[in-house]
1. If Glu187 passes every condition in (1) within 20 Å of Asn89 (Cα to Cα); (2) open to solvent by 20 Å² or more (accessible area, probe 1.4 Å); (3) in a helix (DSSP H, G or I) but one, which one does it miss?
2. Within segment 144-166, work out how many residues are part of a loop (DSSP other than H, G, I, E, B) and out of contact with any helix residue (DSSP H, G or I) (no Cβ under 8 Å at 6 or more places or on another chain).
3. Within segment 231-278, count every residue that is at positive phi and either modelled with pLDDT under 80 or crowded, with 16+ Cβ neighbours inside 10 Å (or both).
4. Restricting attention to segment 1-36, and to residues there that are small (Gly, Ala, Ser) and farther than 14 Å from Tyr257 by Cα, which single residue is nearest to the chain's Cα centre (by Cα)?
5. Only one of Val121, Val136, Val132, Val160 is open to solvent by 10 Å² or more (accessible area, probe 1.4 Å), among the hydrophobic types (A, V, I, L, M, F, W, C) and within 15 Å of the ligand (Cβ to nearest atom); which?
6. Restricting attention to segment 168-182, which residues are open to solvent by less than 60 Å² (accessible area, probe 1.4 Å) and either more than 11 Å from the ligand (Cβ to nearest atom) or over 18 Å from Asp203 (Cα atoms) (or both)?
Amino acid sequence: MIPPIASNFVAGETPAAAIEHAEQTSTRDVGCILNLLGEHYEERPPADADADEYVELVADIATSPATACVSVKPSQIGLDLGDDVFAENLERIAMAGAEHDVFVWVDMEDHTTTDATLDAVEELGHATDGNVGVCVQANLKRTPEDLERLAEVPGKVRLVKGAYDEPKSVAYKKKARVDEQYRDLLEYMFREFDDGVAVGSHDPEMISFARDLHAEYGTPYEVQMLMGVRESAQFDLASDDVEVWQYVPYGDKWFQYFYRRVRERKSNALFALRAVLTG
Ligand code: FAD
């Protein structure tokens, strides 16, 4: 069972728990992006099993009152085993998503996976008429070119700053430089993308910049944040008529994810410590 402290960041261990969380969140006008925790499988059975679970999950979402979609990690559905394994599993999930009208996001992992991820998404974006979207990372030097390519592909794109420790040869390392590229890319997306822009950030400055760009260009946009992070801001934005989606991890591999959330911010660590000390 997930301890109460971790359940701030993870919806539960089962798809039913994740959908229940999404149903509750939907009543406050925040949609949920459900993510089954798991990555870097080195054998095919767990990769296929997670893809199967996503196929069932989209069918379950379709019959629930929740406003929800899914987000998949490429290495969770076989990218480490081969581009073909990943593409095959993603196609199954994307087709199920299209059949049930549930959007399918593809997370972006480290820079060695970018080409294979974009190739699969490009094909499925056309095949599903835009029911598949992908994440791109502002810290990567290649992302302006990737966005030019994605501007021609049906489907939404989520812009994040980038969570992986990349080498200097391919990525900007200084926060100020990443923030600068984030702004430039956001402006490009609002100018050039018809299918909408997903702002994957907790940063109040980027969210306010997105609001300005929306006022200028009229392009639809949504803000995406993680479960357990700035949740009051999520609900405030939603009540201010901004489309907000909460990224909601679930599954039995919750410990590693929870530990990462606690380590990345002092306030989360203090919160965890206080919960442990006070029982
Ligand atoms: P930062 O640049 O870390 O911080 C800027 C400001 O935001 C802070 O000063 C503070 O005001 C606020 N803030 C940030 N974090 C917190 C917090 N924990 N609590 C309170 N305030 C905070 N990365 C990938 O590489 N691939 C992915 O597929 C991917 N998907 C993502 C999906 C979503 C929905 C989100 C939200 C993030 C995703 N990320 C992904 C992670 C992303 O790349 C960043 O590492 C992460 O979001 C931190 O950057 P930031 O823009 O939120 O804010």
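The values are calculated or read from the model by the stated rules, or taken from the named source; none is laboratory data. This one's a predicted model, so the numbers in the text were calculated from it and none came from an experiment. Neighbour counts are summed over all protein chains in view; Cβ atoms, including those assigned to glycine, are modelled from backbone coordinates with ideal geometry. Ligands, DNA and RNA are stripped out before the accessible areas are found, and what is left, the full protein with its side chains, is counted by its heavy atoms. Shrake-Rupley method; radii C 1.70, N 1.55, O 1.52, S 1.80 Å.
1. Against the list (1) within 20 Å of Asn89 (Cα to Cα); (2) open to solvent by 20 Å² or more (accessible area, probe 1.4 Å); (3) in a helix (DSSP H, G or I), Glu187 comes up short only on (1).
2. Our first condition is that a residue be part of a loop (DSSP other than H, G, I, E, B); within segment 144-166, this holds for 151-156, 161-166.
If we keep only those that are out of contact with any helix residue (DSSP H, G or I) (no Cβ under 8 Å at 6 or more places or on another chain) as well, we get 152, 156, 163, 165.
Total meeting the criteria: 4.
3. 1
4. Checked segment 1-36; the qualifying residue nearest to the chain's Cα centre (by Cα) is Gly31.
5. Val160
6. Val170, Ala171, Tyr172, Gln181
Yes/no matrix, rows are residues, columns are (1) of a type outside the set (D, E, K, R); (2) surrounded by fewer than 20 Cβ atoms within 10 Å (Cβ to Cβ):
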site: Thr63; (1), (2): yes, yes
site: Ala68; (1), (2): yes, no
site: Leu79; (1), (2): yes, no
site: Asp84; (1), (2): no, yes
site: Ile93; (1), (2): yes, no
site: Asp101; (1), (2): no, yes
site: Val106; (1), (2): yes, no
site: Glu109; (1), (2): no, no
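Table: residues versus (1) more than 17 Å from Asn131 (Cβ to Cβ); (2) touching a strand residue (DSSP E or B) at 6+ places or on another chain (Cβ under 6 Å); (3) not aliphatic (A, V, I, L, M).
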| site | (1), (2), (3) |
| --- | --- |
| Ile2 | yes, no, no |
| Ala6 | yes, no, no |
| Ala11 | yes, yes, no |
| Gly38 | yes, no, yes |
| Thr67 | no, yes, yes |
| Ser75 | yes, no, yes |
| Leu79 | yes, no, no |
| Asp84 | yes, no, yes |
